[in-house]
Amino acid sequence: MTRFVIRRLISMVLVLFAISVLTFLIFQVIPNGDPAQRMAGRLSTPETVAAIRRTWGFDDPIWQQYLTTMKKIFTGEVISYTQQVNVLDQIWQDLPATLSLAIGAGIIWFVMGVLFGVLSALRAGHFTDRALTVAALVGVSTPVFLLGAVALYFFAFKVQLFPNGGYVPLTQDPVDWLYHLILPWLCLSVLFIGIYSRVLRSNLLDTMSEDYVRTARAKGISERRVLVRHVLRNSLIPIVALWSLDFAAVIGGGAILTESVFNLQGVGQYAAESIHQLDVPPVMVVVMLGAFAVVILSAITDVIFALLDPRIRLTGS
Amino acid sequence: MYARVRIAGLALVAALALALVAAGCGGGGSNNGSTSGSSSGGGQEGGSISVLMGTAPDYLDPQLGYTTQSAEPDWIIYTPLVTYRHAGGTAGGELIPGLATALPEVSRDGLTYRLTLRRGLTFSDGRPVKASDFAYTIMRAIRVNWGGKSFFTSYIDGAAAYDSGRASSISGIQTDDATGAITIRLTEPYGAFPNVIAFPSAGLVPRGTAMRNLSNDPPPGVGPYMYTQASVNRGFTIARNPRFARFGIPDIPTGHLDTIRVTIVSNTQSEAQRVLNNDADVFDAGDTLPPSLLPQIESQASDRFAREPIPSTFYFFLNVTKPPFDNAKARQAINMAIDREAMVRLASGFLEPTCWFLPEGIVGHPGNDARCPYGLDRPDLAGAKRLVQESGTAGTAITVWGEERSPRREYVDYYTDLLNKLGYKAQERIIADEVYFPTIGNAKTDPQTGFADWIQDFPNPSDFYLLMDARAIQPTNNQNFSKVNDPHIQAELKRLNPVPATKLDSVADEWSALDQYTARRAYVVVYGTETMPKFFSDRLNFDAAIFHPTYLNDWTSLQLK
Amino acid sequence: MATVDSTVRAGAHRDRGADTAAGLSPYRLGLRRLRRNKAALAFGALFGVIVVLCLCAPLYADRVAHTSPNANHVTETVTVGGVRKDVVSPTGQPIGPTWQGRFLLGADQNGRDIAVRLLYGGRNSLEVGALATLLTMVLATIAGIVAGYFRGFVDGVLARVLDLIWAYPVVLLGIALGTSLALGGISIGPLHLEGNSLLVPAFIIGIVYIPYVAKPIRGQVLRLREQEFVDAARVGGAGPLRIMWSEILPNLSSTIIVFVPLMIANAILLEAALSYLGAGVQPPNPSWGTMISDGIRLIPSAMHLTFVPGLMLVLAVLGINVFGDGVRDALDPRAKVRLEEHAEEASR
């Protein structure tokens, strides 16, 4: 068991390292991505540009620049090229919006996904099932930014039911906070509800034809009890695994599109803007944080599963 | 009871008297800036408003700020030795004394500038202002790498040496704290130098202010307002500086509002919506009004919305050093064919068509008598096509460069299509705004044509002609994108640039002649001057609020109704 | 429960977990099942219709709309119901659907015909989707087979590389690559792609989805290589390459076939997302994503700019998703390979 955990830890560190290097290199390769020229402003002279290069170390060899940037990140002193603000401060400011979005949506999509999946499985082949399947498929086929834009149009312009985007901190006004997040939560959840309900449905249907379930039925246990007691527990395992991965990805900047459409000023939006401005430090930090979240959560999930299921532990898959 | 009646009666009389006085003052407000203290146009004194900015200021630190968003607060917080009249239109381009007693005395050879600091000035934190603070301020601007510091290092004697670290102070600036005398020596005559020391980055800060970016904790200054809270990415608050009124500086208003809270929103849609709904008071003039809301704004809020021109030139540069635009006929053809009305529509109406490189509001802008050499509002596509054929450049592959944000990308979409209609093989390259100018200004890119704009640094034609000056061509961060190298232009610039900014009117005709010559040579395709939205909530007195050509909304003129 | 099947090429044995009707090839069986699935067929036909429409873009542009996708008509007018209307108003509001030959579905802010751009954009979106899918399937299959077959060190390295791509937030990776490649294009050896080539977003999307497909394939190969027929082939003297090609690959074919429609859907969605963020198809070339992105800017005054490409996109993706579901049900009804478990991250 310990060896398993250690192996995962090592591979996690390696992945993080590789991601930071990859991000750094992507930006090095970009032509005309010279930050010194940008920072110097439109009316600068070559001397000014050279001075900036010297201050920031842009003339150093790549590996040295990489190490300097990493050092700055770990000591919390990393500043961005544009406006030279402390990246970690900025991320700290943006984190509540992303967390609020992720946690709220995460709860909604898990509950609704399971609900719809169970309903579909129970009424397999009937109208409810078909209707839910169609709804799920439409949900999976609609890009979230389109959904968000259309939702904003209908519910924020035509009928002024919800605000036109933006984020209000929980500490400032809980009711307003909720009010601003309802549409983003729903839009972000639609996709996952669609996926999870279908996965759960097919898992349930498969498991329900397993031998032990047949035995339970033969013993006279009601269908619903069979479902909840025997089948659901097993079928939920892959859903939980999926959920933790998706949740981590959303936190790590994966909800960029939702944040952009609703202008929540979260971590994802910050990362997207930074990439666009070819601002390397924030991108590296956000990407690493996101990858860290994904890797850690997937490692924890793997460990839990290994504890639960000896087969996985032994084969190491 | 008798006492109460008497007091009530006194109160009534006082109220009536006040009402009479207020009525007398009502309607007396003029648009040319209110002088300190008086209430004009029947508005209330005091109060606080909210301003929404869709783009954060680049810096709130006065020696670093170089965008309109930072200039708007900084020019009323950090007064320089000379500043501009608080007025709209061309009047707003006039230089007036700020912290100096008078406009600078310029020596005959144009190399020495003399000013005297006013007596009794203190910063907003109480520290006395000394003449040496000016020298320190300039040094600070250079040390923190202000984007326009080349204005100082190229012209002030000893500034370049200070910049490169060879000197510990600027030898060309001499100050005497006892008398308040300030003497500045230049390396060469530069007529626009009075404009240079009027930059907000030359706004005085106390000697000893840390030489690093202080955007989140700006230093004290001398001005009608001061910072009480600052977070460069989220917003800031300014409040009236109680010390300023005592100085009695003429022509710099002390302001009506008590506090102004500025919030950065980054979504112009909700920004405009909030101002439309009167949830916020000012839509920052530096932002683009989302065109989707224009119909609503124009119908519901026409009494508090206007389009104000600022001296700016929007054009497509034509690189004259390589095909096809090394050919004069090709360049003329484009100027003949461009449909400026289309550009105005692409800008949702926020563009005023023009063909001259010097925009309206700048001395030297050719007046209405001058005719555009290739037409202004009657595009001749057929004639242009013929000209392209004649030039022999038809079929040349062209890469058109552009910025991403709207409407600049749409301008380039239109322009590329136009080039294709004229018989070229044009393709677009749209790149992120942040990297646009460094990219097209880089000799390695050497672009053939693309979008360019210039918004005045200060109201002086030499600022615009920097972009036509062959001496300005450099391998990186080049701004003369057309790579113009015209001996006539060089000769004229040599003659006209040293004319002091305070005497510009005397050479207006010559600048106008030069500009008409430039238009005939078709080095660029000028299509318009930008207009900015002046858009307030209904709480503010819209008509009395000044729109300054350089600093946009003059917050000292804002007043609650 | 392996069944020897005579209609399949000799030497390649089938691994069937599901029941087969006696004598029929699994593909024939699958086809039969698919034919019975009316919904899947209907939606598949919908997708097919959209594809054909988009392929007819030049015809439409020439004969009906009399313009091209990038031609601007900013200051022109069009007669609708006897009234002359501006294609783009003086304050920049474009005209809505005219339901006539010209500007059938309206114009955009540059005065370009939306219907024409919709069809050409569809061509671009579908082309990017198809190319990306091709790239993903080829590379992922190779990676999955090699990793699963050789295991050990090779598997370790490949798995880590896939983990790397997988852990990187998909959209961020897409934007980063898209931005950098749009600036300078890419040069791999003799091959040079300009920044605005369609191959650039196709390349990015293709790479990003490799782990999505490679992992399940690897899992399946791990199981396959333990089967007796693989041992038999090895004993018979076949080298690893031959085994991978003749024994393992055919057994993966149903998995691969099932993945293709899903990947096309994901690719189209990711292209839309990248274009929305400015890192996909480069202007002025239309794609459904860029059209939606442009349209969102003009909400609420010109809703047709968002609705039209949005609806088309959803219908196309829905069509292929439902069809893909049907294919999956037909070929592999017990769904040994859980496709949705590796949830697509595109539209987050």
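A few remarks follow.
- Selection of segment B:132-179 for residues being surrounded by fewer than 24 Cβ atoms within 10 Å (Cβ to Cβ) and among the aromatic types (Phe, Trp, Tyr) yields B:136, B:155, B:162.
- Which listed residue, of B:228, B:268, B:237, is in contact with a Pro (Cβ under 9 Å, 6 or more places away or on another chain) and not aliphatic (A, V, I, L, M): B:268
- Each residue in segment C:100-118 was checked for being more than 14 Å from every other protein chain (Cβ to nearest Cβ) and either charged (D, E, K, R) or touching a helix residue (DSSP H, G or I) at 6+ places or on another chain (Cβ under 8 Å) (or both), and 9 of them qualify.
- For segment A:153-166, filtered to residues that are closer than 18 Å to residue A:177 by Cβ and within 12 Å of chain C (Cβ to nearest Cβ), the residue that is surrounded by the fewest Cβ atoms within 10 Å (Cβ to Cβ) is A:155.
- Subset of segment A:76-115 (residues that are within 21 Å of residue B:57 (Cβ to Cβ) and part of a loop (DSSP other than H, G, I, E, B)): A:80, A:81, A:82, A:83, A:84, A:85
- Of the helices (runs of 4 or more DSSP H) lying entirely inside segment B:103-204, those carrying at least 2 residues that are of a type in the set (S, T, N, Q) and touching a residue at least 12 places away in the same chain (Cβ under 8 Å) are B:132-143.
- Which numbered condition residue A:183 fails, given (1) facing another protein chain (nearest Cβ under 8 Å); (2) closer than 20 Å to residue C:273 by Cα: (1)
- In segment A:73-92, the residues that are free of Cβ contacts under 8 Å to residues at least 60 places away in the same chain and within 23 Å of residue B:56 (Cα to Cα): A:77, A:83, A:84, A:85, A:86, A:89, A:92
- Any chance residue B:211 is within 14 Å of chain A (Cβ to nearest Cβ), touching a residue at least 40 places away in the same chain (Cβ under 8 Å) and either surrounded by fewer than 21 Cβ atoms within 10 Å (Cβ to Cβ) or closer than 12 Å to residue B:73 by Cβ (or both): yes
- Residue B:244 more than 30 Å from residue B:450 (Cα to Cα) and within 14 Å of another protein chain (Cβ to nearest Cβ): no
- All told, residue B:428 meets the bar of being more than 27 Å from residue A:80 (Cβ to Cβ) and of a type in the set (D, E, K, R).
- Within segment A:2-30, the set of residues being surrounded by fewer than 19 Cβ atoms within 10 Å (Cβ to Cβ), in contact with a Lys or Arg (Cβ under 8 Å, 6 or more places away or on another chain), at the interface with another protein chain (Cβ under 10 Å from one of its Cβ atoms) and modelled with pLDDT under 80 comprises A:11 only.
- When residues of segment C:70-86 are limited to those that are within 14 Å of chain B (Cβ to nearest Cβ) and either in a strand (DSSP E or B) or in contact with a Gly (Cβ under 7 Å, 6 or more places away or on another chain) (or both), the one nearest to residue C:287 (Cα to Cα): C:72
- The single condition from (1) part of a helix (DSSP H, G or I); (2) modelled with pLDDT of 95 or more that residue B:481 fails is (1).
- Segment B:284-343 - residue that is in a helix (DSSP H, G or I) and among the β-branched types (Val, Ile, Thr) and, of those, surrounded by the fewest Cβ atoms within 10 Å (Cβ to Cβ): B:297
- Pair list, Cβ under 6 Å, 6 or more apart: segment A:137-164 residue closer than 26 Å to residue C:320 by Cβ, other residue of a type in the set (Gly, Ala, Ser) and at pLDDT 90 or above: A:143/C:272; A:146/C:310
- Scanning segment C:209-242 for residues being among the hydrophobic types (A, V, I, L, M, F, W, C) and without any contact (Cβ under 8 Å) to a residue 24 or more places away in the chain gives a total of 5.
- From C:206, C:219, C:195, C:189, residue being away from every other protein chain (no Cβ under 14 Å) and modelled with pLDDT under 85: C:189
- Yes/no for residue A:68 being of a type outside the set (A, V, I, L, M) and either at the interface with another protein chain (Cβ under 9 Å from one of its Cβ atoms) or crowded, with 18+ Cβ neighbours inside 10 Å (or both): no
- Taking the listed residues C:182, C:143, the one that is part of a helix (DSSP H, G or I) and modelled with pLDDT of 80 or more is C:143, with no other qualifying.
- The sole residue among A:148, A:139, A:194, A:165 that is on the phi > 0 side of the Ramachandran plot and not acidic (Asp, Glu) is A:165.
- Taken residue by residue, segment C:55-66 has no member that is surrounded by 22 or more Cβ atoms within 10 Å (Cβ to Cβ), among the aliphatic types (A, V, I, L, M) and out of contact with any Leu (no Cβ under 8 Å at 6 or more places or on another chain).
- Residues (within 12 Å of residue B:526 (Cα to Cα) and among the aromatic types (Phe, Trp, Tyr)) located in segment B:339-396: B:356, B:357, B:374
- Those residues of segment B:378-404 which are assigned to a loop (DSSP other than H, G, I, E, B) and free of Cβ contacts under 8 Å to residues at least 40 places away in the same chain, in sequence order: B:378, B:394, B:395, B:404
The values are calculated or read from the model by the stated rules, or taken from the named source; none is laboratory data. A quick note: this is a predicted structure, and the numbers were derived from the prediction, not measured. Methodologically, a virtual Cβ is constructed for each residue, glycine included, from the backbone with ideal geometry; neighbour enumeration extends over all protein chains shown.
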